[in-house]
Amino acid sequence: MMGLALSYAFVFLAALPIRYMRLTFGRKTFTTVSVLSAGVLFATGLWQWALVYSSISLLIGLYIELEDRHFSIFQSSSVSVLATLGLIGASLVSYSQLSAVSLQRLLADRVTPLMEQLQQVPRFKEASVDSILWFLPSGIIVTMMVVLFVSLTLNRTPTTKKQQFEMRMFRLPDWFIWVFLAALGGTFIKTSVPAVSMVGLNLLTVVLAAYFFQGLAVFTYFLDRLAIFGFWRLLAYFIVFFQMFLFISGLGILDYWFDFRPQGLTNSNNKKIKKIKRSTK
């Protein structure tokens with residue numbers, strides 16, 4: 001289980017130096033180093049880590065390109081996550097064809113060690129290879145969302161203040177509530193096609209993760225209002241991330257109807273964001 005935790009920690013923390021390298025050295029140097037590094041990993045037989053490194057580099061690099069063009073957090077995240085998901089899918093299909101192994105067998109061979117480690121946790125004792133494979137798409141997407149969140153919140157750059165304002169006022173588009181309702185219906189409405197329920201459950205997982213980040217923005221607003229900082233704020237975030245996922249996701253969903261953050265605050269922060277953008281050009 002420790003090996004699994006360390007692997008995930010590497011994936012999340014790798015976002016920090018990758019984002020720093022892109023911001024510091026620019027697009028050309030970043031692209032060259034990323035391609036060469038992935039090529040070295042692949043040439044030495046570490047194709048899985050080559051794919052992980054390439055995926056994180058594309059995810060972070062494309063997000064920054066869109067960020068520089070003043071796309072919103074939602075737009076930049078959506079495009080970069082979908083593009084990275086396409087890279088991962090195309091790479092896995094290509095590798096399975098080159099190695100003459102079916103994609104399902106290829107994934108099952110890689111998932112089996114993960115399943116054995118997960119089964120050490122009582123909650124996942126009944127986990128199987130098939131169940132993990134079914135949830136692999138949503139697991140990959142949520143992982144990429146967390147990687148982006150880590151890279152945006154833990155990095156210190158000249159645009160940090162602007163990002164803090166934008167993330168504090170983060171809000172999903174209004175139409176996204178219909179995606180949530182569709183995923184909810186696909187998950188719990190009984191049909192003669194079992195795949196519909198699994199697709200709905202994958203989509204619901206991704207949607208709840210997206211609303212978690214909106215709920216986290218609302219939660220941060222309340223912490224600011226209560227003037228909770230330092231150790232107590234860190235403790236609050238720790239509890240939120242490890243114990244209150246569904247509660248915070250629900251808070252994000254309720255924000256669609258109740259708009260917990262006052263409109264005046266939103267307008268004030270938008271003015272501050274524009275001022276910071278002008279000063280960082």
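The values are calculated or read from the model by the stated rules, or taken from the named source; none is laboratory data. Everything numeric here is computed off the predicted structure, so don't read it as measured data. Here the Cβ is made from the backbone with ideal geometry for all residues, glycine too, and neighbour counts use every protein chain on show.
Quick notes on this one:
- Counting only helices (runs of 4 or more DSSP H) that sit completely within the range 157-236, those holding 2 or more residues that are modelled with pLDDT of 90 or more correspond to 176-188, 194-225.
- Taken as a whole, the structure leaves G139 outside the set of residues that are in the same structural domain as V240 (by TED's automatic domain parsing) and at pLDDT 75 or above.
- Residue list for the range 21-35, restricted to those being among the basic types (K, R) and either exposed (fewer than 12 other Cβ atoms within 10 Å of the Cβ) or under 21 Å from the mean Cα position of the chain (by Cα) (or both): R22, K28
- Residue pairs meeting the criteria (Cβ under 9 Å; at least 6 apart or on separate chains; first closer than 18 Å to W47 by Cα, in the range 23-35; second surrounded by 14 or more Cβ atoms within 10 Å (Cβ to Cβ) and among the small types (G, A, S)): V33/S57; S34/S54; S34/S57; S34/G61; V35/S54; V35/S57
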